[in-house]
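Single-structure report; data block below.
The values are calculated or read from the model by the stated rules, or taken from the named source; none is laboratory data. Keep in mind it's a predicted model, so treat the numbers as computed, not measured. Note: ideal-geometry Cβ built from the backbone for every residue, glycine included; neighbour counts use all protein chains shown. Protein only, heavy atoms only, side chains kept; ligands, DNA and RNA dropped before computing areas. Shrake-Rupley method; radii C 1.70, N 1.55, O 1.52, S 1.80 Å.
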Amino acid sequence: MNFSEFEEEFIKLGSNRKTKDVDKFNRGLIRSHEDVSFLRDIILSKQEYHRTYFQVSLAQQQGIEAKFAFIEKDFDKLQDWWHVDQLSQFVDKELNFDFAYVKAKEYVQNELPFVRRWGYVMFMPTLVKEDGAAEKLFRLLKDDDEYYVQMAEAWLISYLGIYVPEKTYAYLEGCPLKYNIAGKAIQKICDSFRIGNEWKERFREIRKKYK
């Protein structure tokens, strides 16, 4: 398959295509062992191809180390990709917390903001639930000037607020982060239907300390 053939088939999905439609299309490419490397040079200009490029390519990599090596090779292609969290869907079944944590410690120091974002979002929704995860994940968090990284950190904290509210409360109570991260995390916690009202009120009280 070349790009012209790919584009012709992709257009057939329709202008109102949903993620499930793209996934079905991508599964067909995976079954056919299609090489979609021709998308690599255009995904920054036409980002709807991001999902296909990574979903199909990662499915063809054997083992978690090979999958992450592929992602790292294409770090420059994560630029401005808000949905970098989608990568978790393509590696989740093989990814374990210890491997992810080693990688994340490196990624959150990267100069590229969407690589730093990936360093946080890779733990959601599954790995964040593991025993002992909270203490390690709190150590990953740091102030960041990039909006998309801040939102990733807030999102991760809100997940921890759901599964380990006591530990998350104690962490935030110490005001370890600037308000643009902690405040958004508390907002996400308070918006969640999976957290009781009593905890929400306690988190709201913390927010006053940041202001």
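So the values come out like this:
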{"item": "Members of the stretch 108-166 that are open to solvent by 10 Å² or more (accessible area, probe 1.4 Å), of a type in the set (D, E, K, R), touching a residue at least 24 places away in the same chain (Cβ under 8 Å) and in a helix (DSSP H, G or I)", "result": "Arg116, Lys129, Glu135, Lys136"}
{"item": "Failed condition for Val102, given (1) modelled with pLDDT of 95 or more; (2) touching a helix residue (DSSP H, G or I) at 6+ places or on another chain (Cβ under 8 Å); (3) hydrophobic (A, V, I, L, M, F, W, C)", "result": "(2)"}
{"item": "Tabulated pairs, the stretch 37-48, first in contact (Cβ under 8 Å) with a residue 24 or more places away in the chain, second assigned to a helix (DSSP H, G or I) and surrounded by fewer than 15 Cβ atoms within 10 Å (Cβ to Cβ), C-beta under 7 angstrom, 6+ apart or interchain", "result": "Phe38/Phe3"}
{"item": "Sole exception among (1) within 20 Å of the chain's Cα centre (by Cα); (2) of a type outside the set (Phe, Trp, Tyr); (3) surrounded by 15 or more Cβ atoms within 10 Å (Cβ to Cβ); (4) not in a helix (DSSP H, G or I) for Leu58, by number", "result": "(4)"}
{"item": "Single unsatisfied condition, Arg51 versus (1) part of a helix (DSSP H, G or I); (2) farther than 23 Å from Met151 by Cα; (3) among the charged types (D, E, K, R)", "result": "(2)"}
{"item": "In the stretch 82-107, residue nearest to Gly132 (Cα to Cα) [restricted to those that are aliphatic (A, V, I, L, M) and either open to solvent by less than 60 Å² (accessible area, probe 1.4 Å) or touching a Ser or Thr at 6+ places or on another chain (Cβ under 7 Å) (or both)]", "result": "Ala100"}
{"item": "Number of positions in the stretch 67-81 that are outside any helix (DSSP H, G or I), under 15 Å from the mean Cα position of the chain (by Cα) and either acidic (Asp, Glu) or exposed (fewer than 14 other Cβ atoms within 10 Å of the Cβ) (or both)", "result": "1"}
{"item": "Pair list, Cβ under 6 Å, 6 or more apart: the stretch 8-25 residue farther than 24 Å from Leu58 by Cβ and free of Cβ contacts under 8 Å to residues at least 24 places away in the same chain, other residue part of a helix (DSSP H, G or I) and open to solvent by less than 100 Å² (accessible area, probe 1.4 Å)", "result": "none"}
{"item": "Residue within the stretch 142-156 that is farther than 23 Å from Leu78 by Cβ and among the hydrophobic types (A, V, I, L, M, F, W, C) present", "result": "no"}
